[in-house]
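All remarks here apply to the structure that follows.
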Amino acid sequence: MLHLQDDLLIGRGTERNCYRHPRDEKRCVKVAHNFKNNKEQNRKDYEYFTKLERRDIDWSHLPRCHGWVETNLGDGLVFDLLQDTKGSPLPRLDILLTSGRLTTVEITTPLMQLHDYLYANRIFTSDLRASNIVCNLEKTPPRLFLIDGIGDRDFIKLASLIKPLADAKINRQWARFMKRLESLESLESQAK
């Protein structure tokens, strides 16, 4: 059993907390904390990442999932921990944009790379937003990684079976994300 403590906490979401893995510095553990409104995000992620593994996708913009582990806080799902060369978790895109460390102009190419990656690998998102993306600033141009909000939440999963539907779905999800990004940038410029 893994013992997760507050000093290992990396991030807190509406349903899950993310902790550094206490025995493997290259991994993290996501554990549910909101049991009242629990949407079983870990189970859904595990099922979707297992499908992606079977499809043998390119993992250049996603962390890999390494399965379940028992923790003192309940069952946890283990993922790669995306970090810089100093061992710090990569910063979230929303924080970089609102703090002025990055502008959307500076990430035009990385955004297109991420879109093309999702499109080429037919990866669906359930919650594509800047807070679910981290950025490696040590790369030129910066590299974006989707760390949360991944999966196909459709009840009838036709888009996963029919390529034109998959393409349309990914483009719809991306268009909504870009509108959110424009709103985020607008808030950031108002704050200056």
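The values are calculated or read from the model by the stated rules, or taken from the named source; none is laboratory data. Quick caveat: nothing in here was measured; it's all calculated off a predicted structure. Cβ placement follows ideal geometry from the backbone for every residue including glycine, while neighbour counts extend to all protein chains displayed. SASA here: full protein model, heavy atoms, side chains in, ligands and nucleic acids out. Shrake-Rupley method; radii C 1.70, N 1.55, O 1.52, S 1.80 Å.
Tabulated data
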item	result
Heavy-atom accessible area per residue - the chain, 1.4 Å, Å²	56 Å²
Reciprocal of mean inverse Cα separation for region 22-61 (Kirkwood radius, Å)	12.4 Å
Given the chain, longest segment not containing exposed loop GluC sites (Glu not before Pro) (DSSP; at most 11 other Cβ within 10 Å)	41-137
Solvent-free Debye scattering, log10 I(q)/I(0), computed from the Cα coordinates of the chain at q = 0.19 Å⁻¹	-1.46
Whole-percent carbon and sulfur share, accessible surface of region 1-154, 1.4 Å	47 percent
Cβ-derived FRET efficiency at R0 22 Å, residue 112 paired with residue 165, nearest 0.05	0.45
Calculated FRET efficiency for the pair residue 34/residue 6, C-beta based, R₀ 22 Å, to 0.05	0.85
Spin-label pair residue 23/residue 137, simplified geometry with 7 Å Cα→Cβ offset, distance in nm	3.4 nm
